[in-house]
Amino acid sequence: MKKGMLIVTDLAIALLCAAGLFLTLLEDRFRLWATVACYGAAYLLSLGVGWIAARLAGPSWAVAAGALVLFGASLFLSRNNPLQKFYLVLLTLACHFYLEAFLPPVLGAMPFPVAGAFAAVFSLAAQLALAALVGLCFYRPFHHFSDRGPSAFLWGMCLVTLALCAVGNCKVDFLFRLHIPAQRLLVATLLFAAVIFVFRSVYQAGRFRQGATEDSLRAQMLTLKAGDYTDTLAAVQAARAAQKAGEYALDTVSVMVQDGNQALVPRYAAIYKQNNAKSPLAGLYSQNPYVNGVIAAKAAFAAQNSVSFESNAFTGETPLTTVELCVLISEMLTRACGEAAAYEGERRVRFTAQPGENSLTMEAVYSGQLPQKETFSLKGKTLSQVLGWLFDENTGEDDFHGLENARDIVERYSGNLSLSGAPGEVILRMSLRF
């Protein structure tokens, strides 16, 4: 009776681990609690089927029968292709047979008696530990390739996993000469490690290819964005033209004085000042003509959208090239002026640039609201979304949309890009260190 209870307990833990693999490694179709409830019902059914199979054919067939019940449930509950789901059946059997090869030599090598409760507890702990290890190793590969169809690679891995099952189930012991249990464990361990290594390698290759594709798309976007910098160059030229107009006005005043028409000078100066006051492009924002043109273009945009614009920019001597300065200021002010223009209330933008000892700090304070980070809730979520929230990295790059090039420049100079603020006001700050 005790042996029967032990077999039932081992079967329950083995199928519980299998259900955990099906839950965590596959992309579910339905919401969290519906998926968990359905897999829970499938687990209970698999226990019944496994118990019948254990009575008729043995423990190994019980695990296989229970895993097939979970496989049948996954056909309706998960989005992955059928081969990926069937591979989890083979993976469950591989874990079961690997433990059959692992536990006897390890327990036999211990320097104290291990019969009874210790052996039972150790075997259960080994089952749980192996399932956790397999889940962690296969989580990202399975979710990365969840939308792929059946492939020759996965067929090949099915064959390798079947070979692992054959080794663990003593079907190829005729290949071993001496110390058969030790050799069986060694070969099974090498095969298991090879399976994990190959899956992780293919996943990393897929990640690399995805990254290369994203870089290519980003390069295309930068090419498209080059039109913005063409507009910036046009703004620089317009600002320089406004400065030339100022020089022309001074020449005109000189000619008036020389011709004895001093009485016309005040009226001409008043008209010129009035016209310049209406054109932000004519303002002097920086001694660098290109930086001045960039700021002037953003000031003109702000004026067109009824945004109060102030600038106090002094960059000083920095290792930054003029192009880098223009990109930094352009992306900062584009973000600031765009969000201020969409703000309902008093609209204003204040930009400052202040050099320090081996540093440069730029700050844009504008009307707006900080991006609200949504608090995670289980309501309406699938299990895959919950696991993604737990395990996937969230770098918060969405807070800096439109600042991709600026962020790259800041990182290159070991700087910092931050976003903070108060109600109705946002502070975008860049600090660069040289």
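The values are calculated or read from the model by the stated rules, or taken from the named source; none is laboratory data. What you see is a predicted model; the values in this text were computed from it and never measured. Because the Cβ atoms are built from the backbone with ideal geometry, glycine has one as well, and the counts that use them run over all protein chains shown.
Descriptive notes on the structure:
- Flag for TYR43 being within 22 Å of CYS137 (Cα to Cα), in the same structural domain as LEU190 (by TED's automatic domain parsing) and not hydrophobic (A, V, I, L, M, F, W, C): no
- Considering segment 343-364, the residues that are part of a loop (DSSP other than H, G, I, E, B) and in contact (Cβ under 8 Å) with a residue 12 or more places away in the chain include one that is nearest to GLY293 (Cα to Cα), namely ARG347.
- Residue within segment 60-68 that is modelled with pLDDT under 90, more than 12 Å from LEU88 (Cα to Cα) and either under 33 Å from the mean Cα position of the chain (by Cα) or not in a helix (DSSP H, G or I) (or both) present: no
- Single residue of segment 183-218 satisfying the filter (of a type in the set (Val, Ile, Thr) and more than 17 Å from LEU91 (Cβ to Cβ)) that is farthest from the chain's Cα centre (by Cα): VAL187
- Test: residue in segment 137-154 that is of a type in the set (A, V, I, L, M) and touching a helix residue (DSSP H, G or I) at 6+ places or on another chain (Cβ under 6 Å): yes
- Residue match in segment 137-147 (condition: assigned to a helix (DSSP H, G or I) and closer than 14 Å to CYS95 by Cβ): yes
Quick grid of which residues meet (1) over 22 Å from VAL426 (Cβ atoms); (2) modelled with pLDDT under 90; (3) assigned by TED's automatic domain parsing to the domain that holds GLY424; (4) touching a helix residue (DSSP H, G or I) at 6+ places or on another chain (Cβ under 7 Å):
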| site | (1), (2), (3), (4) |
| --- | --- |
| PRO289 | yes, yes, yes, yes |
| ALA313 | no, yes, yes, yes |
| THR322 | yes, yes, yes, yes |
| LEU328 | no, yes, yes, yes |
| VAL349 | no, no, yes, yes |
| THR361 | no, no, yes, no |
| LEU370 | no, yes, yes, no |
| THR375 | no, yes, yes, no |
| THR382 | yes, yes, yes, yes |
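- Residue match in segment 155-162 (condition: assigned by TED's automatic domain parsing to the domain that holds GLY50, modelled with pLDDT under 90 and in a helix (DSSP H, G or I)): no
- Residue match in segment 183-205 (condition: more than 18 Å from VAL134 (Cβ to Cβ) and assigned to a loop (DSSP other than H, G, I, E, B)): no
- Residues in segment 407-417 that are over 19 Å from the mean Cα position of the chain (by Cα) and surrounded by 12 or more Cβ atoms within 10 Å (Cβ to Cβ): ILE409, VAL410, TYR413, GLY415, ASN416.
- Each residue in segment 33-61 was checked for being of a type in the set (Phe, Trp, Tyr) and closer than 16 Å to LEU21 by Cβ, and 2 of them qualify.
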